[in-house]
Ligand SMILES: Cc1cc2nc3c(=O)[nH]c(=O)nc-3n(C[C@H](O)[C@H](O)[C@H](O)COP(=O)(O)OP(=O)(O)OC[C@H]3O[C@@H](n4cnc5c(N)ncnc54)[C@H](O)[C@@H]3O)c2cc1C
């Protein structure tokens, strides 16, 4: 590591690798600092079709095609009685090859992104933690980083990108982080080997399955090597009732409430660790400040239900890279210039937020909605594939609002003005 760079990126998940790679490809001097040694485990295996475009820009489509990642063509929802909806096949509305996406093992996927960053000219350091950021007034000037051995070192950069995921180093430090009050959820998840797999194109489908009484829902994501990622999402009270901390017991109790999952894992073997997390839905009140930008989960995270996380991480990394390139070219590293992409990113996140709220509204189902408004099928599939930045996508919510209570659409500036950051 040197003492200064054009750009320092904190964290080598999808958001950080994407921003770092695109900036290095444009000739900038980029340092990418990662706390862990890759490959490392990460939750978030299911991609959505719009992920294709940032991956294409990163030059990774051929590598994805040659990988052993399971091909995903559709998503299917099950109600609390275990009744499945018709599968939503993405190619119904999109003839392009991007309609097929992948279910990835994140350790391998993230390593592929990191290797690509290295190949593109980024200096990548692993097993090195950014413990603080250097600030002068409101401006970020770089970071303090500490490797496995050796004292903390100050490293300066013209722009610092926080891509530290849920650690959200900068927004926690600056206290610009707000939890989403309607999405106080928790999750417990693990892998099963030898669980049931559907056949043909349905083999790689993501299944979203409500438990009895809608007390929670499961994801079922088929992966390579006969593995399936299975996780339950509910309120912290439901999952950790009676102060239960034994994650296997929590999972078994929830599986007992969900017949389609019970049947699918009956003959399978649970393997590896059982993970848990809580209170992961939140957002920051700004996307950039003087000398810094927030991307991916470090800016905000909604909810696992539509698998929007990796897509938004890559997309925000791409948008941030373009804004930073422009800011460096104009020698203008102010919040306004670096954050020029904020409103567009936020409008896409707002579209996802509305369908997430719809999902958690008792009585709502896409099937019922489309029975009443069949002309909106393309809109619904657009939302499910992640085509949330296209003009007119918000029209569907005017119709949905006639069936359920949805939040008003707000801009990032309006949200920031209306919310006082809490944590
Ligand atoms: C229960 C659950 C299920 C999910 N399922 C899905 C899914 O199916 N599909 C999907 O698309 N998304 C899913 N997500 C979301 C997805 O995991 C994230 O949105 C995505 O990983 C965000 O990418 P990122 O690059 O912003 O952050 P991350 O992938 O978290 O990467 C951040 C990186 O920063 C590193 N880091 C952190 N702090 C520091 C530091 N101080 N110094 C240096 N490095 C640091 C970390 O080690 C990590 O490698 C899920 C999320 C949850 C909570």
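The values are calculated or read from the model by the stated rules, or taken from the named source; none is laboratory data. Not measured: the values here are computed from a predicted model. Note that we place each Cβ from the backbone using ideal geometry, even for glycine, and neighbour counts take in every protein chain shown.
Name, by its number, the condition in (1) within 23 Å of the chain's Cα centre (by Cα); (2) within 14 Å of the ligand (Cβ to nearest atom); (3) farther than 18 Å from residue 77 by Cβ that does not hold for residue 247.
Residue 247 satisfies every listed condition except (1).
Can you name the number of the only condition in (1) over 22 Å from residue 107 (Cα atoms); (2) within 16 Å of the ligand (Cβ to nearest atom); (3) within 23 Å of the chain's Cα centre (by Cα) that residue 238 fails?
(3)
Could you list, in sequence order, all residues of region 119-135 that are crowded, with 18+ Cβ neighbours inside 10 Å and more than 16 Å from the ligand (Cβ to nearest atom)?
The one that is crowded, with 18+ Cβ neighbours inside 10 Å and more than 16 Å from the ligand (Cβ to nearest atom): 120.
Search region 316-375 for residues being outside any helix (DSSP H, G or I), modelled with pLDDT of 95 or more and out of contact with any strand residue (DSSP E or B) (no Cβ under 7 Å at 6 or more places or on another chain), and hand back the single one that is surrounded by the fewest Cβ atoms within 10 Å (Cβ to Cβ).
331
Go through (1) in a loop (DSSP other than H, G, I, E, B); (2) touching a strand residue (DSSP E or B) at 6+ places or on another chain (Cβ under 6 Å) for residue 384 and report which single condition fails.
Residue 384 satisfies all of (1) in a loop (DSSP other than H, G, I, E, B); (2) touching a strand residue (DSSP E or B) at 6+ places or on another chain (Cβ under 6 Å) except (1).
If residue 146 satisfies every condition in (1) in a helix (DSSP H, G or I); (2) touching a strand residue (DSSP E or B) at 6+ places or on another chain (Cβ under 6 Å) but one, which is the exception?
Here residue 146 clears every test but (1).
Across region 161-197, what is the total count of residues that are at pLDDT 95 or above, surrounded by fewer than 16 Cβ atoms within 10 Å (Cβ to Cβ), out of contact with any helix residue (DSSP H, G or I) (no Cβ under 7 Å at 6 or more places or on another chain) and closer than 25 Å to residue 219 by Cα?
2
Checking the structure you have, find out if any residue of region 174-183 is more than 30 Å from residue 12 (Cβ to Cβ), more than 11 Å from the ligand (Cβ to nearest atom) and in contact with a strand residue (DSSP E or B) (Cβ under 9 Å, 6 or more places away or on another chain).
no
Answer yes or no: is there a residue in region 110-120 that is within 30 Å of residue 238 (Cβ to Cβ) and under 17 Å from the mean Cα position of the chain (by Cα).
No - not one qualifying residue is present in region 110-120.
Inside region 1-118, counting only strands (runs of 3 or more DSSP E) that do not spill past its ends, which hold 3 or more residues that are in contact with a strand residue (DSSP E or B) (Cβ under 7 Å, 6 or more places away or on another chain) and more than 12 Å from the ligand (Cβ to nearest atom)?
4-10, 74-78
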